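Worksheet: the structure to be examined is printed underneath.
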Amino acid sequence: MVKKEKTLAIIKPDAVGKKVAGEIISMIENSGLEIKSIKMATLDTSSAAGFYAVHNGKSFYDGLIEFMVSGPCIILVLEGENAVEIWRGLMGATDPQQAPQGTVRRKYGTDVRRNSCHGSDSAENAQNEISFFFPGIELLK
Ligand code: IDP
Ligand code: MG
């Protein structure tokens, strides 16, 4: 039996600004993943930098932080069997042009930075990313 797991999804400021957040949430619902928590927030520089600390020093880091604070995000906790892999698959590759047809990034991404969404890349990182945005009291079950 495959164990249920959680993952963190972010609908990034480009997608919220384009008003396609509802379409992306529909794609999540149609995937069978369950939405366990959801909120809208505009990140400040220190929270965006903290969330993406692993990328500090990379060539795209400053542009990524600037982009992530440029408008509101919608932050979700998703749950299901293989949730990390399923959401990564539904998003598609980091570069929307490399992402398969029908994926969120292919449909709604603009370029490799403004690629419409985030997804955790492992169950362990998902736990850390979820704790970053959601206090335990919001996820009791
Ligand atoms: P991922 O979001 O597919 O896991 P990461 O390598 O973790 O990709 O990069 C985090 C985010 O940084 C990407 O989603 C994208 O917004 C941005 N990014 C990654 N690589 C580049 C790049 O080469 N140029 C500009 N932005 C990038
Ligand atoms: Mg990543």
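If the Cβ limit is 6 Å and pairs must be 6+ apart or interchain, which residue in region 28-40 that is farther than 18 Å from Ser116 by Cα pairs with which residue that is of a type in the set (Phe, Trp, Tyr) and surrounded by 13 or more Cβ atoms within 10 Å (Cβ to Cβ)?
Pairs found: Ser37/Phe134.
Between residues in region 52-63 that are within 8 Å of ligand 1 (Cβ to nearest atom) and residues that are polar (S, T, N, Q) and at pLDDT 95 or above, which pairs lie under 7 Å by C-beta distance while being six or more apart or on different chains?
none
Just checking, which of Ser120, Ser131 is under 21 Å from Ser47 (Cβ atoms) and away from ligand 1 (no atom under 11 Å from the Cβ)? Working first, answer last.
Values: Ser120 fails: away from ligand 1 (no atom under 11 Å from the Cβ).
Residue meeting the stated conditions: Ser131.
Mind telling me which of the residues Arg88, Arg114 ends up being within 10 Å of ligand 1 (Cβ to nearest atom), in a loop (DSSP other than H, G, I, E, B), touching an Asp or Glu at 6+ places or on another chain (Cβ under 8 Å) and modelled with pLDDT of 95 or more?
Testing whether each residue is within 10 Å of ligand 1 (Cβ to nearest atom), in a loop (DSSP other than H, G, I, E, B), touching an Asp or Glu at 6+ places or on another chain (Cβ under 8 Å) and modelled with pLDDT of 95 or more leaves just Arg114.
Quick check on Ser120: is it within 12 Å of the chain's Cα centre (by Cα) and modelled with pLDDT of 95 or more? Don't jump to the end; show me each part of the working.
Details: within 12 Å of the chain's Cα centre (by Cα): yes; modelled with pLDDT of 95 or more: yes.
So Ser120 passes the test.
Within the bounds of region 94-110, is there any residue that is touching a Leu at 6+ places or on another chain (Cβ under 8 Å), polar (S, T, N, Q) and within 16 Å of ligand 2 (Cβ to nearest atom)?
yes
Restricting to region 91-111, give me the number of residues that are of a type in the set (Phe, Trp, Tyr) and near ligand 1 (Cβ under 8 Å from one of its atoms).
Our first condition is that a residue be of a type in the set (Phe, Trp, Tyr); within region 91-111, this holds for 108.
From the residues that got through so far, the ones that are near ligand 1 (Cβ under 8 Å from one of its atoms) too are none.
Within region 91-111, residues that are of a type in the set (Phe, Trp, Tyr) and near ligand 1 (Cβ under 8 Å from one of its atoms) number 0.
Within region 83-141, take every residue that is more than 20 Å from Phe60 (Cβ to Cβ) and among the polar types (S, T, N, Q) and give me the one that is surrounded by the fewest Cβ atoms within 10 Å (Cβ to Cβ).
Checking each candidate, the answer is Gln101.
Give me the pairs, please: first residue somewhere in region 110-136 and in contact (Cβ under 8 Å) with a residue 12 or more places away in the chain and under 17 Å from Val69 (Cα atoms), second residue anywhere and of a type in the set (Asp, Glu) and near ligand 1 (Cβ under 8 Å from one of its atoms), beta-carbon distance under 7 Å, and either six or more positions apart or on two chains.
Final answer for the pair search is Val112/Asp95.
The values are calculated or read from the model by the stated rules, or taken from the named source; none is laboratory data. It should be emphasised that the depicted structure is a prediction, and the values quoted were computed from it without experimental measurement. A quick note on method: Cβ atoms are made from the backbone with ideal geometry, for glycine too, and the neighbour counts reach across all protein chains shown.
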